[in-house]
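Take a look at the structure set out below.
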Amino acid sequence: MLPEEERNVQTSSGNVDAGPLVVPVALASGGYEIHIGAGLVGRLGELCPPKCGARAVLVSSDRIPAEYADRCMTSLRAAGWAVEQLAVPDGEGAKSLAQAERLYEGCLDAGLDRGATVFALGGGVVGDLSGFVAATFMRGIAFVPVPTTLLSQVDASVGGKTAIDLPRAKNLVGAFHQPALVVADVSTLSTLPAREYLSGMAEVVKHAAIADEGLFRQLEGLGGRCLLADPSGLARVVARNCEIKARVVAADAHETGVRACLNFGHTIGHALEAAASGWSLRHGEAVALGMVAESEAAVRLGLASPEVPTRLRDLLRAQGLALHVGSVDLVRAHAALAHDKKVVNGRLRLPLVPCIGEVTITEGLPVAELAAALDGLLRAGA
Ligand SMILES: NC(=O)c1ccc[n+]([C@@H]2O[C@H](COP(=O)([O-])OP(=O)(O)OC[C@H]3O[C@@H](n4cnc5c(N)ncnc54)[C@H](O)[C@@H]3O)[C@@H](O)[C@H]2O)c1
Ligand SMILES: [Zn+2]
């Protein structure tokens, strides 16, 4: 189901532990590289030397430890960039038109021209907002994400989707804008709150489940151990995830076909997110529950091996995802599922995992089956 792959992670030295890992992202429009390793924020200027324009802004938020921004700024200035720092508030609320406008003003104050670059140091929120500003300021300037959450390193910073939210809906205004380079420093993950790390881990498990049984087994082999204890192992896992997402994105840059495979677990996941009160469920926690429930529905329909939900549940729990539905309102969850924009005449098109490491897009799946799986989760208190 997924496009054929060439395994092409490279290291500058050929030795995984010595240099950053480099994942090339091939696109019809040219492509770019993702550099992954420990301590890369202090080498940002070296990895991204100024080319035609040397003006830049570095966008970050006040929750990202200041030392990361300091190291980025020192390294960029040492490499010859004229760079100013801009701050946005923490949290999803920053993905707004008002914050985008503040950043446009900041870009003007910093003297940015068409040859300038926007660096984004932070998680998916800073990345989506800064990417949107880079996509639209002067009709598009260069963008370099420096993702600092596991979710943004393995997911949000790969694929070129940028967005802001409107009060009525998330990610409603946005643009496809591919980065010039991505620099993922895995050592920044050491300060990430545990719940944010686990939210990213759910997407790591998703990538393994849809595309790489070997990676899935490697994660199972960790038992309860956390990848953060082994920076070079963590870098390899992040790189493998970027490869998997990059392969899908390269085949479907504008999200018209195979990219739907990345939505495994997301139909029920989104319904749970929509029905949870406040921030009681992080995105990855909802996706983890969604993967288990969608796989259980697939087993009932004879579309998946019974070991799929079992292995998913065991791995997610071993890695620390509690698989708790929390304060989800059952009525709202059902309404969200029924109103999913993919549902037509009570049926939908859904990516399912028939066995670990493979994914298929199933057409015409009855939404009632997913509703039953959702009920199962809520009854069990998962
Ligand atoms: N563009 C895409 O393809 C794509 C894909 C998936 C998700 N997203 C978007 O990404 C956003 C979620 O991203 P996220 O999960 O990274 O959340 P986030 O950006 O809100 O970061 C989570 C929290 O961790 C803090 N943080 C970040 N890095 C830290 C670090 N190294 N140390 C300490 N604290 C740190 C942040 O300040 C924040 O409080 C959503 O808005 C979602 O829509 C986009
Ligand atoms: Zn997701």
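The C-alpha atoms of the chain define a longest principal axis, and helix 124-136 lies at about 60 degrees to it. DSSP beta bridges fully contained in the range 84-184 are about 45 percent antiparallel. According to the square roots a ≥ b ≥ c of the eigenvalues of the Cα gyration tensor, what is the shape class of the range 281-354, taking rounded for a/c under 1.5, prolate for a/b larger than b/c otherwise, and oblate for the remainder? Oblate, since a/c reaches 1.5 and b/c is not below a/b. Under the rule a/c < 1.5 gives rounded, and otherwise a/b versus b/c splits prolate from oblate, where does the range 154-308 land using the Cα gyration tensor? Cα axes put the range 154-308 in the rounded bin.
Please arrange L40, L370, L348 by how many other C-beta atoms lie within 10 Å of their C-beta, fewest to most. Before the final figure, lay out the partial values.
Values: L40 23, L370 26, L348 20.
Ranking L40, L370, L348 by Cβ neighbours within 10 Å, fewest first, gives L348, L40, L370.
Ordered by the number of other Cβ atoms lying within 10 Å of each residue's own Cβ, fewest first, R379, R217, R313 fall into the sequence R379, R217, R313. Cβ crowding within 10 Å, taken as a proxy for footprinting-reagent exposure, orders M138, M73, M291, M201 from fewest neighbours to most as M138, M73, M201, M291.
Taking amide H atoms as placed 1.01 Å from N in the peptide plane, the amide H of G122 lies under 5 Å from those of V146, T148, each 5 or more residues away in sequence or on another chain. Rounded to the nearest Hz, the phi-derived 3J(HN,Hα) couplings of the range 294-307 under the Karplus curve 6.51 cos²θ - 1.76 cosθ + 1.60 (θ = phi - 60°) are 5, 6, 5, 4, 5, 5, 4, 8, x, 9, 8, 6, x, 6, where x marks glycine and proline. DSSP assigns beta bridges within the chain; of those with both partners inside it, close to 45 percent run antiparallel.
Only helical DSSP H runs with n ≥ 4 go in: add -39500 (n - 2.57) per run for the chain, normalise by residue count and round the 222 nm mean residue ellipticity to 500 deg cm²/dmol. Write down the numbers at each step before the final one.
Details: 12 runs with 154 residues, N = 382.
For the chain, the value works out to -12500 deg cm²/dmol.
Toward the positive end of the charge dipole of the range 75-182, about the Cα centre and with charges on Cβ (Lys, Arg +1; Asp, Glu -1), which of S130, G80, A180 goes farthest? Most positive-ward Cα: A180.
Work through the residues other than S277 whose Cβ is under 10 Å from its Cβ and net out their charges, Lys, Arg +1 and Asp, Glu -1.
Numbers: positive: R332; negative: D329.
Summing Lys/Arg as +1 and Asp/Glu as -1 gives 0.
Using the alpha-carbon atoms, what tilt in degrees (0 to 90, nearest 10) does helix 367-380 show relative to the longest principal axis of the chain? On a 0 to 90 degree scale, this one is about 90. Evaluating 6.51 cos²θ - 1.76 cosθ + 1.60 at θ = phi - 60° for every residue in the range 340-351, the Karplus couplings come out as 3, 5, 7, 7, 10, 6, x, 10, 8, 9, 9, x Hz, glycine and proline recorded as x.
3J(HN,Hα) along the range 154-160, derived from phi through the Karplus expression 6.51 cos²θ - 1.76 cosθ + 1.60 where θ = phi - 60°, amounts to 9, 9, 4, 8, 10, x, x Hz, with x in place of Gly and Pro.
Judged by the mean number of other Cβ atoms found within 10 Å, the most tightly packed of the peptides 163-170, 330-337, 245-252 leads the ranking 245-252, 330-337, 163-170.
Close amide-amide hydrogen proximity is noted between N171 and D165, L166, each under 5 Å apart and 5 or more residues distant or on a separate chain (H modeled in the peptide plane; Pro and chain starts excluded). Between the Cα long axis of helix 266-275 and the first principal axis of the chain there is an angle of about 90°, rounded to the nearest 10.
The local environment of C242, defined by Cβ-Cβ distances under 12 Å, has a net charge of 0 under the rule Lys, Arg +1 and Asp, Glu -1.
No lab work stands behind these numbers, since they all come straight from the coordinates. These numbers come from a predicted model, not from an experiment. For neighbour counting, all protein chains shown are included, and Cβ atoms are generated from backbone atoms with ideal geometry for every residue, glycine included.
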